[in-house]
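Notes for the one structure printed next.
The values are calculated or read from the model by the stated rules, or taken from the named source; none is laboratory data. These figures come from a predicted structure and were not determined experimentally. Counting neighbours? That spans all protein chains shown, and the Cβs are built from the backbone with ideal geometry, glycine included.
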């Protein structure tokens, strides 16, 4: 009886140890906040602290939440860090900071964020708003950028689709009336859901918590004005396209453009255009829409790993 109990206890102990080892090897993302540029930046992080860094920069109207699955797919080989831009997600901007919501300022804040975390070298994943933010960062510190992954992150006029027409009109005539038109058309639940599901073969495959969270955060007091200010300032990004392209030509960072080809905002010619300035750029299209990561996360993760390893960004 005593021997049987002893064997049972030993077996249970071994099983518990194996379970502990297995759980410790499963990637997970931790959440944090850090002060940078007078802002409490919320961010998610996964992977070994000593691994090569990938900085993940989200777009409108999302947050670091969009990278929830991609981070875990990359964390076995890389340290992945995804901040929420000011005005998005759970980053907090104190009222006394009197923050100016422009893309220049977003880039300055993310620059300060990388310094606060002592990130000296990193690849950047740029999507939507993350593209003009990340490319400003790359122009300021080209020596820090090991590679660029553009997932529907545009830097060329030919990449702007017809869906930009109402916002272009807003740029040309930023009246209160046109501001209200943009708010009514875009800054609501249906407008947010459409961005996630348009061009997706099976719209029901998109996790509803993605666009539901974004839509809820858009409803915070004052947030719609922030978004309308950024829509207006997006014209500054288009003016900077030649500078972004000059950075590509001079620095020639390894670049992977992996795009949902049914994106109505940033269309396939924008991905192909990278080759004009970086002839060796790798371009890959996926049969999906703007938020390609929601439907093709596994394919994107595999492509990123293959691309980074081929370009020497590995342990």
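Condition first: modelled with pLDDT of 95 or more, over 9 Å from the mean Cα position of the chain (by Cα), surrounded by fewer than 22 Cβ atoms within 10 Å (Cβ to Cβ) and not in a loop (DSSP other than H, G, I, E, B). Can you find one or more residues in region 49-56 that meet it? No, because not a single residue in region 49-56 is modelled with pLDDT of 95 or more, over 9 Å from the mean Cα position of the chain (by Cα), surrounded by fewer than 22 Cβ atoms within 10 Å (Cβ to Cβ) and not in a loop (DSSP other than H, G, I, E, B).
Of the set (1) in contact with a strand residue (DSSP E or B) (Cβ under 7 Å, 6 or more places away or on another chain); (2) surrounded by 22 or more Cβ atoms within 10 Å (Cβ to Cβ); (3) part of a helix (DSSP H, G or I), all apply to residue 66 but (1).
Go through region 211-245 and give me each residue that's touching a residue at least 24 places away in the same chain (Cβ under 8 Å) and within 30 Å of residue 309 (Cα to Cα).
First, pick out the residues of region 211-245 that are touching a residue at least 24 places away in the same chain (Cβ under 8 Å): 213-215, 217-218, 223-224, 226-238, 240-241, 243-245.
Listed by number, the residues that qualify are 241, 243, 244, 245.
The helices (runs of 4 or more DSSP H) falling completely within region 116-228 that include 1 or more residues that are surrounded by fewer than 19 Cβ atoms within 10 Å (Cβ to Cβ) and under 21 Å from the mean Cα position of the chain (by Cα) map to 130-140, 189-197, 208-218.
For region 33-48, residues that are surrounded by fewer than 16 Cβ atoms within 10 Å (Cβ to Cβ) and touching a helix residue (DSSP H, G or I) at 6+ places or on another chain (Cβ under 9 Å) total 3.
Checking each residue in region 256-273 for being within 17 Å of the chain's Cα centre (by Cα) and not in a helix (DSSP H, G or I) picks out 256, 257, 258, 259, 260, 263, 265, 266. Looking across region 89-115 at every residue that is touching a strand residue (DSSP E or B) at 6+ places or on another chain (Cβ under 9 Å) and assigned to a loop (DSSP other than H, G, I, E, B), the one that is surrounded by the fewest Cβ atoms within 10 Å (Cβ to Cβ) is identified as 94.
Can you find even one residue in region 70-80 that is within 18 Å of the chain's Cα centre (by Cα), in a strand (DSSP E or B) and touching a residue at least 12 places away in the same chain (Cβ under 8 Å)? Yes, because at least one residue in region 70-80 is within 18 Å of the chain's Cα centre (by Cα), in a strand (DSSP E or B) and touching a residue at least 12 places away in the same chain (Cβ under 8 Å).
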